[in-house]
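Heads up: the structure comes next, in structure tokens.
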Amino acid sequence: MDFDGTISTELALYHKKEEYEDIVTMGLPLDNAGNPLPSQLAIGGGFIPKGAKNVEVAKDFAKYVIQPEVANAYLKGGLGRWLPAIPEVAKTDPFWLDPKDQHVSAYTQQGLFSPTVPQYPVNNPGYAEVEATQIWGLAEADIMREGMTPQTAAEKALKRIEQIFAKYPIAQT
């Protein structure tokens, strides 16, 4: 699997069965002392935008979609690209640990049953703001919609990132 926390690369070849089965997906190696290395794990979530017109309907939908059986069906529909938030779901549904699909089973084992740590940027509020403002997506939009060159769009994005990080200085010792 990739270090992006998904098996999206493997799943891109899902309908090319021979190529899909030719890829090897493995968990992280052991450290020098023989202990499992923790993998970085990202958490995603839904939200109701400020100013939404149908907040109660959105809340009802959220209550529906977080039910374990509903979330499991949704995640399986995505071919296991993301993991269930409830490990018990993976323990009781053979899809998640089926040895016939070594990509999903390796991913599930590593993400749900092996040691994990949060992705390192969670320790930096500046990085969280950079992600929340979707600077790189805006740079892509500048290229596509505004006709900016990739160089100019990247420079603009990096300048904005620098401004955000300046608000969160890291004390040097």
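A few comments on the model shown:
- Members of the range 1-15 found to be more than 18 Å from D101 (Cα to Cα) and surrounded by 10 or more Cβ atoms within 10 Å (Cβ to Cβ), listed by number: D4
- Selection within the range 141-171 - more than 21 Å from G126 (Cβ to Cβ) and either surrounded by fewer than 16 Cβ atoms within 10 Å (Cβ to Cβ) or free of Cβ contacts under 8 Å to residues at least 12 places away in the same chain (or both): A141, I143, M144, R145, E146, G147, M148, T149, P150, Q151, T152
- Residue check for Y74: among the hydroxyl-bearing types (S, T, Y) and over 21 Å from L112 (Cβ atoms): no
- The set of residues from the range 67-95 being open to solvent by 60 Å² or more (accessible area, probe 1.4 Å), among the aliphatic types (A, V, I, L, M) and more than 15 Å from the chain's Cα centre (by Cα) comprises A73, I86.
- Residue, most open to solvent (accessible area, probe 1.4 Å), within the range 16-39, restricted to residues that are outside any loop (DSSP other than H, G, I, E, B) and in contact (Cβ under 8 Å) with a residue 40 or more places away in the chain: P36
- Contacts under 8 angstrom Cβ, first residue in the range 118-131 being under 19 Å from A154 (Cβ atoms), partner open to solvent by less than 60 Å² (accessible area, probe 1.4 Å) and at pLDDT below 85, 6 or more apart: Y127/P121; E131/P121
- Filter result for A106 (among the hydrophobic types (A, V, I, L, M, F, W, C), free of Cβ contacts under 8 Å to residues at least 24 places away in the same chain and either surrounded by fewer than 17 Cβ atoms within 10 Å (Cβ to Cβ) or at negative phi (or both)): no
- Residue ID - farthest from T25 (Cα to Cα), chosen from residues in the range 105-124 that are modelled with pLDDT under 90 and not β-branched (V, I, T): N124
- Boolean, G34 is at positive phi and at pLDDT 90 or above: yes
- Any hit, the range 69-76, residues being touching a residue at least 40 places away in the same chain (Cβ under 8 Å) and over 17 Å from G5 (Cβ atoms): no
- The listed residue being within 16 Å of the chain's Cα centre (by Cα), surrounded by 10 or more Cβ atoms within 10 Å (Cβ to Cβ) and more than 20 Å from D101 (Cα to Cα), out of A52, A42, A62: A42
The values are calculated or read from the model by the stated rules, or taken from the named source; none is laboratory data. This structure is a prediction, so every number in the text was calculated from the model and none was measured. Using ideal geometry, Cβ is built from the backbone for each residue, glycine included, and neighbour counts are taken over all protein chains shown. These area figures cover heavy atoms from the full protein model, side chains too; ligands, DNA and RNA do not enter into them. Shrake-Rupley method; radii C 1.70, N 1.55, O 1.52, S 1.80 Å.
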